[in-house]
Each structure stands twice: as structure tokens, then as C-alpha cells.
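K.L.:
This structure is in C-alpha cells; I'll ask about it shortly.
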Amino acid sequence: MFASPAASDRPWPLPLLRFLPLPLLQPILTLIGTQVAKTQPDVFLRLGPHALKSFIIDPTDLPFVLVLKPKPEAPSLSAWRRDNAPYSHARIAGTFLDLFDLIDGSLDGDALFFSRKLRVTGDTEAIVALRNALDDVDGGVVESITKAFGPLAPVATITVSHLRRLGGRGKNHE
Amino acid sequence: MNDDVAPRRPELVCPAGTPASLRTAVDAGADTVYCGLQNATNARNFPGLNFSPEELRKSVDYAHARGRKVLLAVNTFPPAGQFQLWKDAVGIAASAGVDAIIVADMGVAAYASREYPQLRLHLSVQAGASSPEAIRFHCEEFGIRRVVLPRILTVAEIADVHRQIPCEIEAFVFGNIGMMAEGRCSLTNYVTGISTNMDGVCSPAADVRYEEDADGTLTTRLGSFVIDQYRCGENGGYPTICKGRYGCSVQSEPYYAFEEPRSLNLSALLPDLMRAGVTALKIEGRQRSRAYVKSVVAAFRLAVDGIMAGEEPALTDLIALTEGHKETQGAFQSKSWR
Amino acid sequence: MSGARTELTLGPNLFNWAPERWRDFYFRIADEAPVAVVYLGETICSKRAPLFSDYYEAVSERLGAAGKTVVHSTLGETASRIDRRLVSDVCERTADLIEANDASAALFLRGRPHYIGPLMNVYNEETLRFLASKGAQNICLPIELPFAAACVLCAVAASEKVMIEVQVFGRQSLALSARCYHARAHGRTRDTCRFVCENDPDGLVLTTLERTPFLVANGVQTLSYEYLNLVQEIPALKAAGVVRYRLSPHSCDMVQVATTFRSVLDGTLATGEALARLEELPIDAPFSNGFHHGRPGHGWTVPNTNVRS
């Protein structure tokens, strides 16, 4: 019921995520937000005044978007249907894998942008600040997040590398 | 051994916008990393970027523990009445133990050489010292030990400059290539009210807008002025005024009046630069990501080491990281660029 | 505040005018314009300098005879051998006053009285004091320096016996380059330019993709499309202690421009009336004054309503 009608036309399938009902996704997203807040407080310092803004992260090959509000004391990450997403200051759109690697610091945002694989609208300064803040996380945000899964961390790590392999990408693009 | 013929081992000077980037650069083989503080005292004063004094101190420790150097760029022009911020930056650099500061403003240079005579001074490209006389003036007045040359000279001219100045030369080999003489460009300020010289920002993100229409045509805007448009599928660039497309009475179509969006890549000229007497090879891009720093630094490390071992330069493909996905050797190859 | 008499100056001609036109322009300035100082010399492109050199002496003498102080301005961007020779020739052979526009000229001029041009980046009191210690007597401030900073510099300059000069009229120099954009527009390079810049007495207008006039190319220089006009700000500049007011030459009637500004400096013409007179000039671009007010350089700010401290 959450699959977008155009889903079957999309070139790169992420079957699991595509059919995942948003209510199931939400606890995982909340965990991610809490984990980043706990382990990477410097990210919020780097954001400065932009920490009070909201960002839409739009994986164009999935039927939902993520809304990030990186408020230091109460960061939140939530999933929304694309047409229902609340107002936000800035939107960054690209394929799930490009966004994933960008957020993780393993792809260069400028390079993605120059090749038109990334679309940026709204408050450009806030997006630049977010990109720079996330880029300062050693080992990448994703590694930091997978640790949040506690005993399931190895499963999370395997899932991540599986996702990357599906997209034809290793962590370092060897 | 003839110094004029054999290439000297150059210092690879690499950018870092964040502490994580600095560690990435060191781990990827940088001899030296340059960075800036989180304010207008450096020419990459972008949101979310740069170092707190505490981060700078830790980063210097990280680099020194591995035998590498850290330079702090204090390379903007303090407006009258606000000089204290720049004095503080010089003091922070000295107490963090950086290996040199990179200065542009004569007042900052005079202050640093007077108050911190032990602190090594490099002359920033922002000082726009493009002739031996201009460089000598700074060397003699402020004790400058190294000059970062503007990207407007051919390799032959660099060799000529080298013979006429009493300090080391650092030359750009990769990254963004600005068309205007550095430290003397008010284009951004004319459009946005933010000064590249005083505020340390070129094309501030807050004034940048990307507009994509239904056909997929991307319009890039700085303030109220359209800088460029890209058709669907065409590689894009950041809206920098000197890389925009404009019309004029003697061109039938809009054209890149100053320069196309593309990046400098001198990897093929490395042996020539090393023979021309260049002490340090500089990679531009403090505003770029760790991923960029890692790829570019590793590629140049490999190339430089190969040349020193007597091999042909190993040229890793870096085109994906360049603006507009186009490269140029800019002014370095021949005068026809001008 | 300052008791010093204010003076109008005529900045160096930035454009490539035909030699006779160049000569006749300055002859008329000598005869008719109420300016105290005239800057002569090529500041943009060393290739142009020989074009008017035949008339240089005659012009210089005529201006001197008319009671004007003649100051020789040096090149803004010095890199090639020709550039460097031009700067060293001017500095070493001229006993008259010289205005340095880059650090290479400063090397030759240190230790003797000289002027500092607006391309020299004097942004703060430390730089001003340093250059004063090297012999600088007159400093023309960078075009983008806001009024608040200019006020601080005026106060320091007074104690250093340095005169502060501010450009108040004409297109604003926004950038210099090693590449010639006039030649590029004509599909040539700087070495093969054949002096195509001579076609545009006020520069070559560049418009955005929306056809908004934006910038002006003048050889290696990029200027604003809009003309700086600080006539309304004259009272504030005077009160701050600015001694000299620079008019940058254009093809419009510079004698009329000078006469209008002189009247405002003398207090015999209201700024509103002066502005109305300047608006009657056949200039096909709007006026701007943003930099003075700490705003974007383009656009017009009505003084005293939106002044930033």
C-alpha cells in the first residue's frame, strides 16, 4: 500500500525498503537519530545556527522521503510519503545509494553535484553546513549508526555492505 | 648531482576543511596540511567548515606525531576596526604550534613578524604577488619564507621567478582555478554584500540558488543574477561569477566570458614543476569532502613518489572530482591561455 | 571635523582611448575641470602604454601649467617582463609623484614620498601605518571598503600625516586577471589581441542569460556595469575626514561631473540637486553606492535611512 505507482518503472530496485511500511521504519530512524546525537555531538556544533533547521532527504528511487531536524537536544529523523512531507528549509535529492554514500562521507558531494546526480533546493547554506558537519565524522556516519544496533550490529553492517554491493560500490570504490 | 636538472623531492601540501579531513590527508600521504579557523580570518569561511582552536591543537599533535606539518591560513584582509580577530588568529596559530601561517594582508604580516618573530610566514596566493619584485618586497619587509604563486604563470616563468627571489615557491597543481587575481576580486561582494577579501567567502552558499525547471534545465543563481544554465544531463558547476555564461555585443550566443567551469590538473606537468624549483605542490579544496581529499592526495602521493623513483608520472583519473568534469592546465602550459 | 581643504582628483583613465582622444580629453581637463590632482599612466594593460606615450609629456606639462598636481599611476597586475619593465621604468625614471598599484611598485618606491592606489588593498590601520612608514602620503581606499572602516582609517591617517582618498564616481573596478577578456570575446588571446579594447570607450558590457546588464570587461579588468556615485554621501565622507575625492574617467562629460562634485564639496550645491544634474548625463547605466553602505556593490541606497554602523 505504500509502494508508489511508478515504483516498477524505477531502474534501481531496493525491494526491501520500497515495500517497507513507514511505521516499521520509524523506530529504526529514531534509533539512528539518537545514536548520532549520543556519539557525534560535534556534528551539531559544526551545524551552528543551521541545527535549528529542517532538511528533506529525498531518495528519488524510493517512495518516501526522510525529514531531518538536527536539533542538538532532540534530533529527529522521520519518514514521510513524498506528497505529505512537512515544510522544510532545504531539500537534497538523489538516488538512495548516492545519498547514502554522501552522508557517509565516501562520495564527494561536489562531484555528485557537478554530475547532476544530486539536486539541491532551498537553503543552500544549510545544506553545505550539513554536508560539512557530516563529513567530519571519522569512519563515516553509517559506521557510527550500525553500532547502535547493539547485538544486531554485525547484521546491520552486513546489510549495509550488501546494499553497497547491490549498487556496485565498495566502501572505498576500489 | 645537478640541481637544475634532477627534480627535487617536493612537499605535498594538502587541504583540510575539518579535523577528520586533516587526518585523512595525513593518512593518505600529505607532507603538509593547511587549514583555517572558524571565522573570517581565512579565505574558506564556509558554514560547518574549519577548526576550533582546540581542534587545531589536536590536529597539529596528530600531524606532528607522524612527522607531518600543519599550516594555518590567516589569509584574508581585516577591515579597519576589526583587526583584533586576526591578531587572535595569529596568537592561536602560535600557541597551537603550527609550522607556519599563510598571510596575505600587509598589516597582518607586519603584526605577525613583529609580535611572533619565531613564527614562519608564507605569503598567500591572496596577496597576489605575481612578480619577483612584489615577492621580494614581502620577503624583505616581513621575512616571508615561502610564496604561494598565483595560477597565472607558465612553468618557464615560474623557473624565472625562482631565480630572482629569496624564498621558496609553492605552486598549485590541482583543484579549483579562479580566473581573477586573488585578493583583488570584489565580484562576490558586488552581488551579495559579502566580501571575498574581508569575509573569506567566494559565492556564499546563502546567496546560491539552484532552480530546475520541468525540462530538467538547471539555472544557477547568485543573489539576483543568473550565473549559468545547464540543459538536462549537462554537467553543472557552482555559481561562481568568473565561471558564468554571459552575453555581449560581439558574441552571437551566450559564452563563458571569463572561463568555463573546469578544474586545474597539473599532474602531467609535475616533473617540469619540480625542475623549475618549486618546493611545494599545493592541492586546492578545503571546502571539499574527505572523499575528495583522500582520492586527490593519494593520487598525487603516488605520482610524486613515482617521479622521484625515476618513473613516468602515474596519472590516476581524477576527472570525476573536477568541476564540470573538465580539466585544464590553465596558464601553466602556455601563454595562449591569457 | 577635519579642517583640511577637500580636493577633487581625476583617477587614471582605465580604458583604451585613441591617442588623440586621450590627449584632447586631458587638455580639456587641464583647461576646464576643477580637479586638483590628475593621475596619468596605464594601470590596466602594459601593451597599451606605448599607444599614448607620444602625448604623455605634453599632457603632463599642460596639466602642470594649469596648476594640477600630476601623479603617475603604475600597473595594477604585474607579471610578465613587459609589465615589470613598465613599472620599473616609471618608478626609476620619474622624479614626480607616483601612485603604486601593486607591491612591485612599492619595492621601488619605499623610502621616498609616494601614493598608494586603490588596487593596493589598504583595508586596515596596521597596513596604513606600515605603508606610511615606507613613505606613503596619500592612500586611495579599496572600492569595496565600507564607510565604517573608512572612518577608522581616516582617524589613523590624520595622525600618520596621510591623506585618504575615496572614489566617488565611475564604474567600479571589481577584478583583475592575467587573461584579457576583451581579446577572449573576440576569439583572440592577449598576445594576439590587436587592441580590440579600443572599440569600447567605457568597456564591453556583459549581460546575464536573463539579459540583465551585469559587468563590464576592460581588457584584463572587470568593472561594474553600474556607475558608482557617492554624491549624496559627500557630507558624511567630509565629516569623517576624507580629503580627496576621486572621479574615474568615462566618455561622458567629465568637466560637468567635476564641476558638480566641486560645488557639493564647496557647499554651494545641494546633494539632491547635484544628483539630478548627474542623472541628466548621457550614461546608459544606473548609479550605485552599495559598497559604501556595507551592502552589495550594485544597487542604490538612499543615505541616512539605511546606513549600517
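What follows is calculated from the coordinates using simple rules that are stated; it is not laboratory data. In this text, all values refer to a predicted model and were calculated from it rather than measured experimentally. Note that we place each Cβ from the backbone using ideal geometry, even for glycine, and neighbour counts take in every protein chain shown.
K.L.:
Determine the shape class of the stretch A:5-166: with a ≥ b ≥ c the square roots of the Cα gyration tensor eigenvalues, call it rounded for a/c under 1.5, and otherwise prolate if a/b is greater than b/c, oblate otherwise.
P.N.:
Numbers: a/c = 1.32, a/b = 1.09, b/c = 1.21.
Judged from the Cα gyration tensor, the stretch A:5-166 comes out rounded (a/c under 1.5).
K.L.:
Sticking with this structure for a sec: Using a 10 Å cut-off on Cβ to Cβ distances, tally the other chain neighbours for every residue of C:79-86 and report the average as a whole number.
P.N.:
Details: counts 14, 8, 3, 0, 2, 5, 0, 0.
Going residue by residue through C:79-86 and averaging, the value is 4.
K.L.:
Straight-line reach from C:K68: which lysines have a Cα under 24 Å away, not including same-chain ones fewer than 8 places off?
P.N.:
Within the straight-line cut-off, C:K68 pairs with C:K161, C:K238.
K.L.:
In terms of Cα to Cα distance under 27 Å, which lysines are near enough to B:K335, apart from those fewer than 8 places away along the same chain?
P.N.:
Excluding near neighbours in sequence, the set is B:K243, B:K282, B:K326, C:K47.
K.L.:
Taking every residue in A:138-150, how many Cβ atoms of other protein chains lie within 10 Å of its Cβ, on average? Working shown, then result.
P.N.:
Numbers: counts 6, 1, 3, 0, 0, 0, 0, 0, 0, 0, 0, 0, 0.
If you average over the peptide's residues, the count of other-chain Cβ atoms is 1.
K.L.:
Calculate how many DSSP beta bridges within the protein assembly as shown are antiparallel, expressed in % of all such bridges and rounded to the nearest 5.
P.N.:
On the way: 44 of 105 bridges.
Percent antiparallel among DSSP bridges in the protein assembly as shown is about 40.
K.L.:
Going by average Cβ neighbours within 10 Å, how do the peptides A:153-160, C:18-25, C:148-155, B:98-105 rank, with the highest at the top? Don't skip to the end; give the middle numbers.
P.N.:
Details: A:153-160: 13.8, C:18-25: 15.2, C:148-155: 21.4, B:98-105: 25.4.
Most protected by this proxy first, the peptides run B:98-105, C:148-155, C:18-25, A:153-160.
K.L.:
Please compute the average number of Cβ atoms from other chains found within 10 Å of each residue's Cβ in peptide B:133-139.
P.N.:
6
K.L.:
Quick one: give the max-minus-min coordinate of the C-alpha atoms of the stretch B:187-256 along each principal axis, largest first, in Å.
P.N.:
38, 31, 18
K.L.:
Checking the table A:K147/B:K294; A:K147/B:K69; B:K69/B:K294; A:K71/B:K58; A:K53/A:K117 against a 22 Å threshold on Cα-Cα, which pairs fail?
P.N.:
Numbers: A:K147/B:K294 24 Å; A:K147/B:K69 34 Å; B:K69/B:K294 17 Å; A:K71/B:K58 27 Å; A:K53/A:K117 24 Å.
Listed pairs above 22 Å: A:K147/B:K294; A:K147/B:K69; A:K71/B:K58; A:K53/A:K117.
K.L.:
Hey, another quick one. Let's see if you can work this out: charge +1 on each Lys and Arg Cβ, -1 on each Asp and Glu Cβ, no other charges. What is the dipole magnitude of the stretch B:187-256 about its Cα centre, in debye to the nearest 20?
P.N.:
Details: 5 positive and 9 negative charges, 41 e Å.
My answer is approximately 200 debye.
K.L.:
Could you check what % of the DSSP bridge pairs in the stretch A:5-166 are antiparallel, to the nearest 5? Working shown, then result.
P.N.:
Values: 13 of 18 bridges.
About 70 percent, rounded to the nearest 5.
K.L.:
Testing the spin-label approximation: label points 7 Å from Cα along Cα→Cβ at C:D89 and C:D253. State their distance in nm.
P.N.:
About 3.7 nm, to one decimal.
K.L.:
Moving to a separate point now. Just to be sure I follow: if Rg is taken over the C-alpha atoms of the stretch B:63-102 and Rh is the Kirkwood radius over the same atoms, what is Rg/Rh? It would help to have the intermediate numbers written out before the result.
P.N.:
Details: Rg = 12.0 Å, Rh = 11.1 Å.
Rounded to two decimals, Rg/Rh equals 1.08.
K.L.:
In percent, how large is the relative contact order of chain B, given Cα pairs closer than 8 Å and 6 or more residues apart?
P.N.:
Working: 685 pairs, mean separation 70.7, N = 338.
With pairs under 8 Å counted, the relative contact order is 21 percent.
K.L.:
Another question, then. If you take every DSSP beta bridge fully contained in chain C, what fraction is antiparallel? Give it as a percent rounded to 5.
P.N.:
Working: 14 of 41 bridges.
Around 35 percent antiparallel, to the nearest 5.
K.L.:
Taking Cα pairs under 8 Å and at least six residues apart, what relative contact order does chain C come out at, in percent? Kindly include the intermediate steps, with their values, before the conclusion.
P.N.:
Values: 586 pairs, mean separation 60.9, N = 309.
Once divided by the residue count of chain C, the mean separation gives 20 percent.
K.L.:
Also, I was wondering about something else. Quick one: order B:I283, B:I194 by neighbouring beta-carbon count within 10 Å, fewest to most.
P.N.:
On the way: B:I283 25, B:I194 20.
By the 10 Å Cβ count, ascending: B:I194, B:I283.
K.L.:
Run the dipole for chain B about the Cα centre, Lys and Arg Cβ at +1, Asp and Glu Cβ at -1, nothing else charged, and hand back the magnitude in debye, nearest 20. Let's see the in-between values first.
P.N.:
On the way: 34 positive and 39 negative charges, 118 e Å.
The dipole magnitude comes to about 560 debye.
K.L.:
If a/c stays under 1.5 just call it rounded; otherwise compare a/b with b/c (prolate if a/b is bigger, oblate if not). Do that for the stretch B:47-150, with a ≥ b ≥ c from the square roots of the Cα gyration tensor eigenvalues. The partial results should precede the final answer.
P.N.:
Working: a/c = 1.76, a/b = 1.39, b/c = 1.27.
Prolate, because a/c is 1.5 or more and a/b exceeds b/c.
K.L.:
Moving on. How much of the pair distance distribution for chain B lies past 32 Å, counting alpha-carbon pairs only, in percent?
P.N.:
On the way: 15890 of 56953 pairs.
Of all Cα-Cα pairs in chain B, 28 percent lie more than 32 Å apart.
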